[in-house]
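The next block holds one structure in the form of structure tokens; read it before the comments.
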Amino acid sequence: MMAYIVRRFLYAIPILIGVNILTFVLFFIVNTPDDMAYMHLGAKRVTPQAVENWKAEHGYDKPLLVNTQAEGIKCLTDTIFFNKSVRLFVFDFGTSESGRDISYDISQRMWPSLAIAIPVLLIGVLINISYAAIIVFFRATYIDFWSVVITVAMLSISTLFYIIGGQFLIGKLWHLVPISGYDTGFNGIKFLVLPVIVGVIGGIGGGTRWYRTLFLEEVNKDYARSGRAKGLSELRVLFRHVFPNALIPILTGIVAILPLLFMGSLLTESFFSVPGLGSYTLDAIQRQDFAIVRSMVFLGTFLYIIGLLLTDLSYTLVDPRVRLH
Amino acid sequence: MPVVLWTDALIYLLLAAALLGIFLSRRHPHLSAPFKHIVHSRVGVASGIILLAYAAIGFLDTLHFHPALEQSNAQGEAMVSQRILSVLDILTDSLRQHSEKTYSQPFAMYAYVKESSEMPDGRIVREYPRLKWGGAHLNDAQEKTADIIHKSIIGVVIGLLFSMLCSLLITGLLAWRKHRTLKQQLTKVWRNQTELPWRLILLLLSLLIVMASLSGYLSQFYHIMGTDKVGEDVFYQALKSIRTGLVIGTITTLIMLPGAIILGLMAGYFRGWIDDLVQYLYTTLNSIPGVLLIAAAVLMLDVYMTNNAELFDSVVQRADLRLLFLCVILGVTSWTGLCRLLRAETLKLREMEYIQASQAFGVNHFMILLRHLLPNVMHIVFITIVLDFSGLVLAEAVLSYINIGVDPSTNSWGNMINSARLELARVPVVWWSLSAALVFMFVLVLSANLFSDVVRDAFDPRMRKPS
């Protein structure tokens with residue numbers, strides 16, 4: 001088991017290097033630091049001096065890959081590639097274009113993201129599984145048919161509609177909770193209600209439909225049939241035999257996205273002005289803060305790979321047939 | 001003078017491929033079987049017709065040209081304008097021309113905000129000014145309701161006449177092909193005894209025609225979905241956005257298709273280091289959160305476009321290139337799924353007897369891939385194309401909202417939502433832009449989702465009944 005984990009971590013290294021090279025090419029070779037300086041300083045009539053100053057200020061005034069002027073190991077370390085890309089491997093994100101420490105910002109903004117993402121995940125999964133279970137219990141009836149129609153329709157509605165609609169209905173018309181904002185501690189709960197509700201409702205369509213398929217695949221298998229044949233009630237067949245088996249892919253699917261919860265949701269956080277990592281990324285995109293976007297790409301990739309690893313491990317926990325070596 | 005933009009060219013290519021596909025599959029019964037399944041399914045036919053209606057509007061909006069100018073130049077040659085219009089622009093000319101100053105509600109006669117105007121006697125009054133076009137033929141507000149009802153009836157009647165004509169024509173053609181009399185065929189259609197669900201098709205077609213004629217007729221006199229901040233007709237914007245949505249949904253898949261197919265087949269067939277390389281490639285790309293990769297790429301495109309503004313002749317071309325680039329980037333993030341599926345399927349197929357037989361006969365690898373493997377994985381490709389479509393249409397709206405989507409000058413549902421959402425804080429609310437975009441998007445995505453279910457059932461061999 002341990003050997004497997006270590007090996008998986010080793011596999012992750014080339015992927016992280018690949019992502020790193022990709023972002024490096026995208027951010028520094030397709031567009032040179034000069035281009036970025038012009039973009040940030042705005043007008044076309046910028047003096048070359050101003051460009052040089054901007055580059056020096058942000059540490060872009062070094063050669064890209066090989067510094068021929070430096071000596072020894074500095075030949076490779078005193079470059080943009082080393083300073084901006086290689087350092088990401090030790091989670092040294094550096095400073096943003098506006099001069100703030102990115103690592104500090106991330107550590108601060110992680111918690112609001114989690115405060116929304118975790119309840120959305122838990123409540124959402126609970127509702128989706130229960131709804132799917134009801135549909136499967138009443139399978140091949142009108143309840144099943146209309147539930148499928150409803151879930152397909154809900155699936156077809158843009159996330160933007162759920163957010164805007166929720167804000168308008170609950171926040172503006174009914175004045176139940178504030179439309180947007182954030183606070184720490186217990187004061188924050190009233191701000192969290194709306195984003196969580198919207199997130200849960202937005203996920204019902206896709207989630208329930210997916211779980212229904214998973215349940216239906218199990219419901220007609222031989223073990224379920226023999227359960228019915230020996231006289232178990234349908235409820236008992238479903239809850240004792242079918243659901244535990246169908247829950248395996250559901251649980252492992254959830255485990256895969258657990259690490260990514262840290263990243264938050266771009267849309268929800270920006271609409272509800274929650275100071276999480278999602279809105280942080282979005283702000284960076286809109287301010288064209290390349291340093292932050294680069295860091296978030298790396299962080300996101302890292303978390304994704306952790307998620308994959310956790311999925312494989314969780315299989316061994318819930319499914320005794322799977323052995324990793 | 002016709003103009004072919006980059007995305008136009010790709011749409012023509014897509015159409016040509018679709019026509020070729022239909023032509024080929026008509027000759028091979030095993031290929032036409034899934035299509036038969038689709039046209040026999042009621043849901044498939046219904047959603048297919050709605051998708052076709054959208055596609056038709058999108059296609060009209062694809063035929064671009066430089067409009068000719070009235071005057072000719074010194075040599076007496078006809079001049080063309082530098083502007084780029086589409087056939088849809090000509091068909092909806094009145095909608096495009098009828099622009100107001102600013103917001104107005106659907107079917108409004110008066111503008112949405114008060115404005116100071118000078119009376120003949122020199123007094124300044126603040127009131128809601130009359131709209132330039134919306135309800136301009138009316139004398140006072142009392143007539144409006146009666147006028148709208150009157151005009152709607154005219155619109156519906158015209159639509160009904162057209163749809164009856166259409167239905168008769170189609171039934172006539174059917175009768176001619178089946179060697180029945182028109183009356184026999186009509187009864188068969190009416191009692192739903194035809195092989196294909198023609199009653200449903202004709203009803204839906206009639207409904208579409210009636211809706212088109214109703215909205216077309218009313219929009220001559222009113223802004224049926226209101227106007228936006230700069231006074232543009234929202235109905236016109238929503239219609240123009242259809243093309244953007246369709247382009248994102250289809251061209252993205254078209255662009256990523258060759259790469260995904262070639263790499264997936266090669267990885268599965270050759271295995272060894274090619275397999276390792278391809279797997280590494282798609283795992284890496286898949287690891288990057290999609291939105292962030294798109295954001296990074298689009299940011300870079302922005303920088304490039306700002307610094308090389310002289311490369312683009314016109315705003316339309318610039319916007320078009322940006323749309324194409326967005327498709328490419330979305331393709332880069334979405335090809336991995338298809339590639340993985342194809343690799344897995346090829347790994348399975350390469351051990352089959354017929355592949356081993358052709359290897360034993362000395363058929364070269366290229367021919368085996370082309371003749372024996374590719375046709376047998378095509379069902380996966382089809383299912384992916386259709387399944388991806390609705391997700392991509394929805395993604396466009398979200399991306400445009402974060403400003404990493406299409407160019408702000410392109411009409412798209414995302415841009416409509418983006419510009420309208422700030423106005424939700426107004427009292428009373430400006431709701432029409434937002435609702436129009438969401439409804440148009442919802443209908444398209446819903447029919448695409450329903451259609452994709454039918455397509456998946458039709459093409460998935462596991463679902464096929466043993467015959």
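The values are calculated or read from the model by the stated rules, or taken from the named source; none is laboratory data. Fair warning: this is a prediction, and the values are worked out from it, not measured in the lab. Cβ coordinates were reconstructed from backbone atoms using ideal geometry, including for glycine residues, and neighbour counts include every protein chain displayed. Side chains are part of the model used for accessible areas, which takes the heavy atoms of the whole protein and leaves out ligands, DNA and RNA. Shrake-Rupley method; radii C 1.70, N 1.55, O 1.52, S 1.80 Å.
Please tell me the relative contact order of chain A in percent, rounded to the nearest whole number, where contacts are Cα pairs under 8 Å and at least six residues apart. If you can, show how the numbers build up before the last one.
Details: 329 pairs, mean separation 70.8, N = 325.
It rounds to 22 percent for chain A.
Size descriptors for the protein assembly as shown, from the alpha-carbon set: Rg then Dmax equal 29.5, 100 Å. Under the combined filter of DSSP loop state and at most 16 neighbouring Cβ atoms within 10 Å, segment B:72-153 retains these trypsin sites (Lys or Arg not before Pro): B:Arg83, B:Lys101, B:Lys114, B:Arg123, B:Lys132. Rolling a 1.4 Å probe over the protein heavy atoms gives segment B:233-383 an accessible area of 40 Å² per residue.
Note on chain B: dipole from Cβ charges, positive end direction compared against B:Leu205, B:Pro34, B:Ala295; the farthest Cα belongs to B:Pro34. Projecting the Cα atoms of A:Gly181, A:His241, A:His40 onto the charge dipole of chain A (Cβ charges, centred on the Cα centre) puts A:His241 farthest toward the positive pole. For the protein assembly as shown, the mean residue ellipticity at 222 nm estimated from helices alone is -22000 deg cm²/dmol, where every DSSP H run of n ≥ 4 contributes -39500 (n - 2.57) and the total is divided by all residues, rounded to the nearest 500.
Within 10 Å of each candidate Cβ there may be at most 13 other Cβ atoms; applying that plus a DSSP loop requirement, which trypsin sites (Lys or Arg not before Pro) in segment B:1-58 survive?
Details: sites: B:Arg26, B:Arg27, B:Lys36, B:Arg42; in loops: none.
The qualifying sites: there are none.
How large, in percent, is the carbon and sulfur part of the accessible surface of chain A at a probe radius of 1.4 Å?
Details: 11020 of 16390 Å².
The nonpolar share, carbon plus sulfur, comes to 67 percent.
Ignoring ligands, DNA and RNA, please state the percent of accessible area on chain B from carbon and sulfur, probe 1.4 Å. Mind showing how you got there, number by number?
Details: 15980 of 24010 Å².
The C+S portion of the solvent-accessible surface of chain B is 67 percent.
Translational diffusion of chain A was estimated from the Stokes-Einstein equation, with Rh taken as the Kirkwood radius over Cα pairs; at 10 °C and 1.306 mPa s the coefficient is 68 µm²/s.
Based on alpha-carbon centroids, what's the gap between segment B:91-151 and segment B:336-373 in Å, whole number please? Segment B:91-151 and segment B:336-373 have Cα centres spaced 67 Å from each other.
In segment A:2-90, Rg over Rh equals 1.12, where Rg is the alpha-carbon radius of gyration and Rh the Kirkwood radius from pairwise Cα distances. Highest mobility in the GNM of chain A, judged by mean-square fluctuation with C-alpha springs under 10 Å and restricted to A:Pro48, A:Pro275, A:Pro119, is found for A:Pro48.
For segment B:1-114, what is the accessible area per residue in Å², given a 1.4 Å probe and the full set of protein chains? Walk me through the numbers on the way to the answer.
Values: 6680 Å² over 114 residues.
Dividing the accessible area of segment B:1-114 by its residue count gives 59 Å².
Restricted to Cα atoms, segment B:300-425 shows a radius of gyration and a Dmax of 21.5, 73 angstrom.
Heavy-atom accessible area for B:Arg371, with the other protein chains in place and a 1.4 Å probe, reaches approximately 150 Å². Take B:Val332: with every protein chain present and a 1.4 Å probe, its accessible area is about 50 Å².
What separates the Cα centres of segment A:212-257 and segment B:293-320 is a distance of 52 Å.
Surface burial for B against A, with a 1.4 Å probe and both sides summed, reaches about 3700 Å² of accessible area.
So what is the relative contact order of segment A:63-164, in percent, for Cα pairs below 8 Å that sit 6 or more residues apart? Provide the component values of the computation, followed by the final result.
Values: 43 pairs, mean separation 10.3, N = 102.
Reported as a whole number, the value is 10 percent.
Per-residue mean of foreign Cβ neighbours for B:301-307 is 5 (Cβ atoms of other chains, 10 Å radius).
The value of relative contact order for chain B, using C-alpha pairs under 8 Å at least six residues apart, is 19 percent. Heavy atoms of the protein chains alone define the surface here; on that basis segment A:103-324 has 46 Å² accessible area per residue at 1.4 Å probe size. Working from the Cα coordinates of segment B:352-467, the gyration tensor eigenvalues give, after taking √(5λ), semi-axes of 47, 18, 7 Å in decreasing order. Once you reduce segment A:299-325 and segment A:170-204 to the center of their Cα atoms, the two points are 33 Å from each other. Sites listed here are chymotrypsin sites (Phe, Trp or Tyr not before Pro) in segment B:293-393 whose DSSP assignment is loop and whose Cβ has at most 10 other Cβ atoms within 10 Å: B:Phe361.
Step by step: find N for chain B, compute 2.2 N^0.38 Å, then divide the Cα radius of gyration by it. What's the final number? Don't skip to the end; give the middle numbers.
Values: Rg = 26.4 Å, N = 467, 2.2 N^0.38 = 22.7 Å.
Taking N as the residue count of chain B, the ratio is 1.16.
For B:Glu345, the solvent-accessible surface with a 1.4 Å probe is about 40 Å², rounded to the nearest 10.
Within chain A, what's the longest stretch lacking trypsin sites (Lys or Arg not before Pro) that sit in DSSP loops with no more than 16 other Cβ atoms inside 10 Å? Longest gap between qualifying sites, sites excluded: A:231-320.
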